1. Amide H of A:Met308: which non-local residues (sequence gap of 5 or more, or other chain) have their own amide H closer than 5 Å, using H built in the peptide plane?
2. Report the local net charge at A:Gly248: Lys and Arg +1, Asp and Glu -1, summed over other residues whose C-beta lies under 12 Å from its C-beta.
3. For A:Asn375 and A:Glu836, calculate 0.36 nm times their separation in residues minus their Cα-Cα distance, and state this gained length in nm to one decimal.
4. Which angle between 0 and 90 degrees, to the nearest 10, do you get for helix A:568-578 versus the longest principal axis of chain A when only C-alpha atoms count?
5. Expected output is a single nm value to one decimal: the length gained when fully extending between A:Ala782 and A:Lys219, i.e. 0.36 nm times separation in residues minus the C-alpha distance. What is it?
6. By how many degrees, between 0 and 90 and to the nearest 10, does the Cα long axis of helix A:310-320 differ from the longest principal axis of chain A?
7. Grab the other residues whose beta carbon is less than 15 angstrom from that of A:Glu987, score K and R as +1, D and E as -1, and report the net.
8. Taking the Cα centre of the range A:661-785 as the origin and placing charges on Cβ (Lys, Arg +1; Asp, Glu -1), which of A:Asn693, A:Asn761, A:Ile772 is farthest toward the positive end of the dipole?
Amino acid sequence: MTQQNRLTSGGRIDRSTPLTFTYNGKQYKGFKGDTLASAMLANGIDVVARSFKYSRPRGIVACGAEEPNAVLQLGATEATQVPNVRATQQELFNGLVSASTNGWPSVDTDVMGMIGKVGGNMMPPGFYYKTFMFPESLWDTYESMIRKAAGIGRAPRERDPDTYDSINQHCDVMIVGAGPAGLAAALTAARGGARVIIADEQNEFGGSLLNGTEKLDGKPASEWVRAVVEELSRYDDVLLLPRSTVNGYHDHNFLTIHERCTDHLADIAPVNQVRQRMHRVRAKWVVLATGAHERPLVYANNDVPGCMVAGAVSTYINRYGVVPGNELVVMTTNDYGYQAALDWADAGRKVVAIVDTREAAVGDRTEAARQRGLNIISGSAVIEVQGTKRVTGVSVAGLSASGTKVIGSVTKLKADTVATSGGWSPVIHLSCHTGSRPVWSDSVVGFLPGATVQKQLTAGGINGQYETAIALQEGFDAGQKALAEVGLAAANVVLPETEAMKVAAPMSLFHIPHLKPTSQAPKQFVDYQTDVTAAGIEIACREGFEAIEHVKRYTAMGFGTDQGKLGNINGMAVAAKALNKSIPETGTTVFRPNYTPIAFGAIIGRNCGALFEPERYTAMHKWHVQQGALFEDVGQWKRPWYFPQAGETMQQTLNRECLAVRNSVGILDASTLGKIDIQGKDAREFLGRVYSNAWAKLAVGKCRYGLMCGEDGMVFDDGVTACLGENHFVMTTTTGGAAHVYEWLEIYHQTEWPELEVYFNTVTDHWSTATITGPNSRKLLAELTDADVTNDDFRYMDWKQITVAGVPARVFRISFTGELSFEINVQANYGMHVWEKLIEAGAKYGLTPYGTETMHILRAEKGFIIAGQDTDGSVHPYDLGMGWCVSNQKPFSYIGKRGMNRSDCTRENRKQLVGLKTKDPKQVIPEGSAAVLDPKGPKPLEIQGHISSSYWSETLGHSIAMGFIKGGLDKMGETVYYPMADGTVIEAEICSPIFFDPKGERQNV
Amino acid sequence: MLHIYCPHCAEYREEDEFHCAGQAHISRPLDPEACSDEEWGEYLFFRKNPRGLHHELWVHAAGCRKFFNMTRDTQSYEIKEVYKIGEQPSVVAE
């Protein structure tokens, strides 16, 4: 294929570096410096998509982020598939593979298009709601069909081979956009010594200065751009970010910049380079110099390929050396539209006509066109376009002065390209992100940034200032203002001389009338990407949608990946006309981050795979791994779940581990329990206030179990606290509750009782804990210590500072299994040493490592609760049958006391924790099962409670369960039923939750 | 993402380091036993949800671990002031 639309000279492309790319399976040539869109236009590719709803052929209409049609799928392999790439923003590289995302069997011959053509009125706004929502059960089927037919790209099915990155940045001045205003602001701020970041979404800085033929200081504008960029790059404190879209403007001048580092180089990033990087910037001041998007006009069949916005035509000619057609008709409401015709004529191709909707406009550009002898048709409009896959001609007719009616006769002109300009819409997206409401300007004919609480300045096109001289001046002013605000002296900058241009007033016109009423005229598209027409918006208004937000949702205007950058203002204008309101009365929708679609990879950065969430390991983790332990996540901790041996089922492992503890000795890694060191002369008083039980008399060397309740009286954590010294305690918490408990203690101390002298520090990671439990645990401990660990000297609920395996250790004689137990706490870096010594010495006792699952079974056999499993924020200590752990003698009204004495907490028939023994001892009731009194009773059955813990107990030879039953503590021996999903019913008897060793003799041996 | 001045550290830090702990100036009744169920319920559960100025309790969780108060505009997200526990706000809603 030849590049038939490529000019032989001019543009910012490198003709000495030809590149090959693929579109829909065919190979084409382009040049370095091309975008995918410019290369496609150079090759005469007209149809790049089929439209969403009507499947109409669509071509490239714009040249930047606002492009609604040329949204392609990229990727040479399955793993490198990227959806939603705007061809206008993708730089061409050698070997680029692209494809259109919709159209079946292809965009050129599309089956769905037939439906669109046959049934122009078959798909009104709200079509999907009206047609496919019923029956609801079929929505999933409809949705997949619609999606397939519509086609909006697809995610890769394989893992992305590239890496993504993020970086935090700080600066004095963040400048968004590197056109004339942005560059002037950056130059000023940089010269003044500010720390500056300037970002632009394009591959090179310059913005509009690169798209035209304008001169600065009598030389091509690009030379001024080059000099400024050169100077900026010399400053150490200036960061230049091309190919970087400022995608979000968040609170307190926090901005997110999406930098595409290597997207322009290849399908996969070169070795050791990241594909994209997210900059997270905190800026003292922000200068928005985001420019403006040109609005196309809304006229009949304005979506036929060959219909473009006027500025884009100029850009393709001047920047890329591509003329996207042969015979041009321009339609414009303003002077800027003339530029496309001038550039087209300069490129040596035929300008058929300039159709100006204004009656008599005289500006420098209009005069230039007149002097060139171009055919100017004033007070008229292109009311309709002919053609399907490419424009073949236009119908031109006179307009009434207000632009609301066609007057006079229709003239048909032959043309293949229609360039329209309905004026410019300032790019106010970022300004909207922070909650600022845009303000309509009649003179600009567009929305301007509204009042803001951010430290934000604006300059240039975003203010509706489209003349280079003014944009430069505003950029300079913003730079100086930012310097002053950050406390720096004004900078000395001389702005370049510009060619002053006289500009005639634009006409406020958006929707070109047709001979027929809008509803009967050929389709006049407002939003190309979502196929919203002027008629559709009128219908929405007629059906009663008056708020612009509702019109938007009903018609889907602005819902595409382009967020309606091109069509929204036109849509509001059409709605305003239909509602007989002005545009400011109709209002505008606002924009949310992100400005353009962004890859998930760039959002997640390095925080994926193994780095997705931190994992916490105990000092003995490696040993567990070597022993083949399976792990359970508890918070961020990896805890051994059970230690299967070859050939064992999980239940067999649990049975073996449980019996080992009951018959000899087992070992558990309990390092993950939260540990909080508490010191100060009021530490004891403080404990009494946060625990439900008494702490005043706990002697040094003793441990005590405590329940922690909220102010509502409900249990939320529990654990053992040891008295290390008169003013020194160490509290243990549940593994998952540690952080919460710690903050709980701090908030009460800092905000309620600052007069108490007490200090907290988290020491969870400082200690490793090996729990040895079982009848032989004392013998095992004795092998590794010289200390006296006999029952006379080391009593139940004592703790001792002794040496174990040569290491100083705090040993707590407490028990969560009901067996004689010792929790051996050593400095974490000795943890593995002590563990291995215990394993070594324990061999002769058959010392068996066990995990959290066996721990759960052993404690459930004893009826010990697990906070968070047997509590759910709705049970107080009495509900748990743990009234023994509540002291009402304490003088201070501890946290939870008032709460658990509320009338609802003291009423009859509360759900209470009981044991449940199944009639069939082999049956294990699934956790969560609901209890009823009569499974055959009238439905709905009244739920009496639920199962919170349930296991097979190998020790006892039957299943055990703990659960809640209304008034359960008074219903011992009664029968309840648990209906299962499969229709069967499990029968169980209410009993004490202490199934094993009810007198607690085993822990006292 | 908010940019928060910690009055204890005396510097601006990112919101990542902080944790909001709800409405500020909720004092625990000095004599809870003297509260009716209704009064206790008020203390426990009822919180303001204003559009505009709001006084909040924050903690510099990944920093100095100290609590402090913040007066924040819930609409614009402007932080009007931060002040230590025990102090009263100087910026209040009209």
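No lab work stands behind these numbers, since they all come straight from the coordinates. Keep in mind that what you see is a predicted model, and the values were worked out from it rather than measured. Every residue, glycine among them, receives a Cβ derived from its backbone with ideal geometry; neighbour counts consider all protein chains shown.
1. Residues meeting the criterion, in which the H sits 1.01 Å from N, are A:Val418, A:Ala419, A:Thr420.
2. +1
3. Length difference between fully extended and current span is 156.5 nm.
4. That helix lies at roughly 70 degrees to the long axis.
5. Full extension from A:Ala782 to A:Lys219 adds 193.4 nm.
6. With both axes taken from Cα atoms, the answer is about 90 degrees.
7. +1
8. A:Ile772
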